[in-house]
Structures are given as C-alpha cells and as structure tokens.
Amino acid sequence: MLLIHLNNVSKTFQLKGQSVEAVKNVDLDIEKGEVFGVVGYSGAGKSTLVRLLNLLETPTTGTVKIADYEMLNLSNRALRAARQEISMIFQHFNLLWSRTVHDNIAFPLEVAGVAKSERNARVEELINLVGLKGREDSYPSQLSGGQKQRVGIARALANDPKVLLCDEATSALDPKTTSSILELLHDINQKLGLTIVLITHEMPVIQKICSRVAVMEDGNVVEQGNVLDVFKHPQQEITRTFVRQVTDPDDANQAIEEQLREEKGTVIRLTFVGGDAGKPVVSELIRACDVTVNILQGNIAQTQNGSYGSLFVSIEGDEKQLQDAIAFLQGHQVEAEVISDA
Amino acid sequence: MLENVDWENMLEATWETIYMSGVAILFTFFFGILLGLILFLSSKGQLWENKVTNSIVATFVNVFRSVPFIILIILLIPFTNWVMGTMLGPNAALPALVIGSSAFYARLVEIGLREVDKGVVEAARSMGANQRHIIFKVFLPESMPALVSGITVTAILLISYTAMAGVIGAGGLGDLAFRDGFQRNSTDVTIVATVIISVIVFIVQGIGDVLTRKIDKR
Ligand SMILES: Nc1ncnc2c1ncn2[C@@H]1O[C@H](COP(=O)(O)OP(=O)(O)O)[C@@H](O)[C@H]1O
Ligand SMILES: [Mg+2]
C-alpha cells in the first residue's frame, strides 16, 4: 500500500535575489512499512526533500500526499494534527536542554493534549522501548550522543506516528553507536510496522536497514530502486561512488596499491550477489583456468534484500588465461571488473 | 563617627529603595519579556514576521533606552500624574523606572530569545506545536538563564535609577545621600547610604547568579 506520494515536487529558495533550486521535479512513491533511504552528498537537497514531507518547507511546485492527507490542502490546524503522525528525528537531536529525558519525551504528548497520568504511562513505555530506563530524570547534557538520539526516537514515537523521518540521524555518532541506533530503528520498523524515510550521506547506513533507496544529486533524484539492485547494477557514476563506500574499504585500496607496486598480476574486483556469495568460485577458477589467484581483500555486506559480497583478487597468468578467467567468472553469475593491470 | 546619621531616616530610605526597585523589577520582568518577545517574533524569519510592528517596538525601545533616566523621569511627570494620581512618595517614581528599565530589558530578552537553538524550534514544529506551545514551552524555558541573568543586570540598573528618583521627591537612599549627606556636608550619611546600596546590589547579584546557575542545565 502506498503511504507517501510525491508528484513533481520542487523547492526553490530565494536568497538575496539569487534563487537556489534545492529540489527539482521529484517524483517519489514510498510504501507503507518500508525503510526508504535517500542518499546524496552534502548540499544535494536531501534535508529540503524530507522537510517538504511534513511541510516544514512549502513546495514551490508539486503535491505531497501522505496517507490520506493531501498535505498542501490542509488548514493550519489540520496540518499540525497531521504532523503528529509524521514525526522526525535529527542529526543534532534537537532536544530541549531545559527538560529532563522524561519531559522531553512528554513534549509531543503535551502538544497533543494527552492527560498527565496517561502521558506518564506512555513516557515510561517509550523509555523502556528505547532502552533508557533509569535515565528519566537526566538532562540531555548528561547523556551521550547515542542516548540523546534514543530520546529523540522515543519522543518521535510518542504519538504513534505513521511515518518516521530521519535526517542524518546517525551522522553525529561513532560507528558503534550508529549500528545500535540503526538496530533500534530496524526493530521499530519490524515491531510497529512504522514506515521510515531515512536520509544520509553514508551508503553503509542504507545498506544496513533500507529496502529501497533513492540517490540524490544536485536537487534531482538520479536513481532509485531496490537496494540490492542498486548495489548490483548502479546506473549513475555517483551511485557507483556511493556503492564503493561499502564495497571498497580504505584498506582494500592500500592492499591494491601495494600489489601494484610489486607489479604482480591484474587486480580484479569480483562481486557476488545473493546466494552466490557462498559458492567456492575462486577454487573452481584456479582449477579451471590454471591461474594463480591472490586474495587481497574481501567483505560481505548484508542488505535487507540479500547479501552482497566483494572480493579483490590479483590474477597472474598470460593474456589468454586472464580472458578465460573473466569469462569463467561471468558464467558463474559473478561480476568481474578489472581495476588495474600490472 | 557617624554622628550625623539618623538611623530611622536611613532605615526608611532603605525601605523606599527596596520597595521602588522591587515593585519596578516585577513589572519590568513582565513588560520587558512582552516587549522582547514582540521585538523578536516580529523580526525577519520569525513567527510573527512584521516590519511595521518591529520598527514601532524597536523605536520605542531605543528611545526609552537612550534617554538619560534623569530626563526621562522629568519628561514622564504628566504621564505619572495621570497613571498614579500622585507625584508624592516612592510610587511616583515607578512609571519612569518601569518604562526605562523595560526598554533596557527588552533588548536583553530579544538577545536571549535569538540564542534559542533553531533546531529545537523546528523539532517542536515537526511535532505539531502551535505558536502558544512554541513560545511558552520552547522559547521562554530554553532562554530562561539569559532571561534571569538579564533581569539581574536590569535590577542593578534599576537600583541606580532609584537613586535619581529623589529629583521628584520619591525618596530612597540616593535622595538621602544627596540631601542629608551632600548638601548638609555630612559625609558619614553619604558613606552609610552608599554602603547600604552596595550591599543591596551584592545581594541582588548573588541571588541572580545562584538562580542562573541553578536553571542552566546546558
Ligand atoms: N532555507 C534555505 N534558504 C536558502 N537556501 C537553502 C535553504 N535550505 C537549503 N538551502 C540550499 O539548498 C541546497 C540543498 O540543501 P539541503 O537540502 O540542506 O542539502 P543536504 O541536506 O543534502 O545537505 C543547498 O544549496 C542549500 O544551500
Ligand atoms: Mg542535510
């Protein structure tokens, strides 16, 4: 079932006579219950795009429909009510420092006019859900980044929203905390069936919890689709660069450079998708083509639609053997890309 | 030593000073925050963005902030007469005190409100907060340390203003120091009045500092 529908949405900012087209003619459909990712570099227009969903920014053109709400036709009062069902978490958490954890989480309930006793019961529930028991009376300044984002998440869930918008929600956190927050979001998505729209400049975040992804560049959505498909067959150069954030860790490049300096073999990146990731392709390759294979670096990334593995090898052999080897690999549903020739 | 000091007069003057400052502070807190809120919220990019309102309030604040208090108090004599129905005693000083210090405090309030994290306001909007929520649950509580330290500075300014209130016969320690101390050449009276005023200022500053520190959870 379709939950979010953007039709030809644009946003142009007027700034001192200059106009900035932050979002250009975007069409987007997001299904109920999915975790939808938007990836792009800084300035691509991602934040503007999410802010168009809850109308924190008004679109210059186009229409936004969320659930049954034709967002642009709502009165101010109806818009405020709708926003209680479309909550948001932020890169810098945006908690009220003057309120305790408990009172921060109670804020949206106060806004919604929930009675005090009910409010307290609900806050306690949420505190348990995000794993902050015992920290109710702390102030935000006494919490770590990860704990602050947990408060942000609890606060966002307070009024049982239909959609959770996440604007770089993990970008201010270290990798370990990022993982735990992503896990929490994933749990919430599974348990509550909450639709999540997640914005990031980090492809590993997309890989970990999104089922579909849109790539933004310069205000445009240049590519979108199932995460595994995008990993397998990136259409745009920018998408390839993002996919490499996951497949080519820094030490892979180091290993390859070293290999090149020693002038041995041809470095090839093998890409395995889904079930192939487990097959003994390399040993079969050595047997079938009689080449020497050095494994330089490998990793497997688990996406929500299946696993995606990459392996860097250097193959030593003559021209003919090399071509046979590549043909052999492709025959086994493995993609092989020559990175460099010695 | 202190042979010219009439302690009964001194005590009365002290009470007058405390009364004038105390009442004026209460009114200033209210009007200053009101003016500061209007000043801030009517400025560019804010909730009630409105150039006309903004320039009217800004002009009012700037004029009353820049007129020397001693002149303000004289200028306001007809107004005071109309509002208070009298030009006698400490009450006669109140309108000028409140107007002068509210204008001063309004600017401090505006600065404090401007410091409130835009992200937090945006978060409140994203949760469906209306203007009342944003003002009373976000802007005011989040700027409270600045509002309290601002009212402390304003209170000290007010105490020094009350010293000038003697011009219109409103009494207080400043008046006493001038008439009994300076004009009758009784330096001891001036010194005692000065010491008492300083003690009041220290106490006010101390209370303000403690309060600010207690509120500030950043
Ligand atoms: N309120 C605004 N006024 C003017 N320009 C803006 C505003 N918000 C964003 N922009 C511009 O829009 C473009 C996209 O910004 P943003 O959506 O924040 O990108 P991202 O979140 O992908 O980094 C940038 O060029 C930015 O300067
Ligand atoms: Mg952004």
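The values are calculated or read from the model by the stated rules, or taken from the named source; none is laboratory data. The structure presented is a predicted model; accordingly, all values stated were derived computationally and were not measured. Cβ: placed from backbone, ideal geometry, glycine included. Neighbour counts: every protein chain shown. The accessibility values were calculated without ligands, DNA or RNA, using every heavy atom of the protein model including side chains. Shrake-Rupley method; radii C 1.70, N 1.55, O 1.52, S 1.80 Å.
For residues that are acidic (Asp, Glu) and more than 16 Å from ligand 1 (Cβ to nearest atom), scanning just segment A:172-203, find the one that is nearest to the chain's Cα centre (by Cα). Within segment A:172-203, the match that is nearest to the chain's Cα centre (by Cα) is A:Glu183. Of all residues in segment B:118-149, those that are open to solvent by 20 Å² or more (accessible area, probe 1.4 Å) and of a type in the set (Asp, Glu) total 1.
From the list A:Glu223, A:Glu183, A:Glu202, which one is without any contact (Cβ under 8 Å) to a residue 12 or more places away in the chain and either open to solvent by less than 10 Å² (accessible area, probe 1.4 Å) or assigned by TED's automatic domain parsing to the domain that holds A:Val26 (or both)?
Criteria check complete, one pass: A:Glu183.
Cβ-Cβ distances below 6 Å connect the following pairs, each with a first residue in segment B:157-171 that is crowded, with 21+ Cβ neighbours inside 10 Å, a second residue that is assigned to a loop (DSSP other than H, G, I, E, B), and a separation of six or more residues or different chains: B:Thr162/B:Gly172; B:Ala165/B:Gly172. Of all positions in segment A:123-138, at least one carries a residue that is surrounded by 16 or more Cβ atoms within 10 Å (Cβ to Cβ), more than 16 Å from ligand 2 (Cβ to nearest atom) and under 18 Å from B:His133 (Cβ atoms).
Among the residues of segment B:129-147, those that are without any contact (Cβ under 8 Å) to a residue 40 or more places away in the chain and either in a helix (DSSP H, G or I) or among the β-branched types (Val, Ile, Thr) (or both) comprise B:Arg132, B:His133, B:Phe136, B:Lys137, B:Val138, B:Pro141, B:Glu142, B:Ala146.
Checked against the criterion of being open to solvent by less than 40 Å² (accessible area, probe 1.4 Å), farther than 27 Å from B:His133 by Cβ and within 21 Å of the chain's Cα centre (by Cα), the candidates B:Ala106, B:Ala13 yield just one match: B:Ala13.
The requirement of being out of contact with any Ser or Thr (no Cβ under 7 Å at 6 or more places or on another chain) and open to solvent by less than 10 Å² (accessible area, probe 1.4 Å) is not satisfied by B:Ala93.
For A:Arg150, the stated conditions do not hold, so it cannot be described as open to solvent by 10 Å² or more (accessible area, probe 1.4 Å), farther than 24 Å from A:Phe93 by Cα and either in a helix (DSSP H, G or I) or not assigned by TED's automatic domain parsing to the domain that holds A:Gly37 (or both). Quick one: is A:Leu96 crowded, with 18+ Cβ neighbours inside 10 Å and within 16 Å of ligand 1 (Cβ to nearest atom)? Answer is no for this residue. Going through (1) out of contact with any helix residue (DSSP H, G or I) (no Cβ under 9 Å at 6 or more places or on another chain); (2) within 14 Å of ligand 2 (Cβ to nearest atom) one by one, A:Asn25 falls short only on (2). Picking from residues in segment A:39-71 that are away from chain B (no Cβ under 14 Å), surrounded by 14 or more Cβ atoms within 10 Å (Cβ to Cβ) and more than 8 Å from ligand 1 (Cβ to nearest atom), the one that is nearest to the chain's Cα centre (by Cα) is A:Val39. For first residues located in segment B:101-128 and within 14 Å of another protein chain (Cβ to nearest Cβ) and within 17 Å of A:Leu109 (Cα to Cα), partners that are charged (D, E, K, R) and surrounded by fewer than 23 Cβ atoms within 10 Å (Cβ to Cβ) and lie 6+ apart or on another chain with Cβ distances below 6 Å form the pairs B:Gly128/A:Arg80. Within segment A:205-219, which residues are within 16 Å of ligand 2 (Cβ to nearest atom) and open to solvent by 60 Å² or more (accessible area, probe 1.4 Å)? Listed by number, the residues that qualify are A:Glu217, A:Asp218.
Could you say whether any residue in segment B:77-84 is within 30 Å of B:Gly172 (Cβ to Cβ), away from chain A (no Cβ under 14 Å) and in contact with a Lys or Arg (Cβ under 9 Å, 6 or more places away or on another chain)? No, segment B:77-84 contains no residue that is within 30 Å of B:Gly172 (Cβ to Cβ), away from chain A (no Cβ under 14 Å) and in contact with a Lys or Arg (Cβ under 9 Å, 6 or more places away or on another chain). Here segment B:191-214 is the region considered, the condition is being farther than 15 Å from B:Leu158 by Cβ and in contact with a Leu (Cβ under 9 Å, 6 or more places away or on another chain), and the residue that is surrounded by the most Cβ atoms within 10 Å (Cβ to Cβ) is B:Ala193. Inspection of segment A:44-58 finds a residue satisfying the criterion of being within 16 Å of ligand 2 (Cβ to nearest atom) and among the acidic types (Asp, Glu).
In the set (1) touching a Lys or Arg at 6+ places or on another chain (Cβ under 6 Å); (2) within 16 Å of ligand 1 (Cβ to nearest atom), the condition left unmet by A:Ile206 is number (1). Filter segment A:117-143 down to the residues that are in contact with a Ser or Thr (Cβ under 9 Å, 6 or more places away or on another chain) and either modelled with pLDDT under 95 or outside any loop (DSSP other than H, G, I, E, B) (or both) and list them by number. Once the filter is applied, which keeps residues that are in contact with a Ser or Thr (Cβ under 9 Å, 6 or more places away or on another chain) and either modelled with pLDDT under 95 or outside any loop (DSSP other than H, G, I, E, B) (or both), segment A:117-143 yields only A:Pro140. Residues that are in a loop (DSSP other than H, G, I, E, B) and either within 16 Å of ligand 1 (Cβ to nearest atom) or closer than 24 Å to A:Val38 by Cα (or both) within segment A:153-171 comprise A:Asp160, A:Pro161, A:Lys162, A:Glu168, A:Ala169, A:Thr170, A:Ser171, listed in sequence order.
For segment A:83-116, the set of residues classified as assigned to a helix (DSSP H, G or I), in contact (Cβ under 8 Å) with a residue 24 or more places away in the chain and facing chain B (nearest Cβ under 9 Å) consists of A:Arg83, A:Phe107, A:Pro108, A:Val111, listed by residue number.
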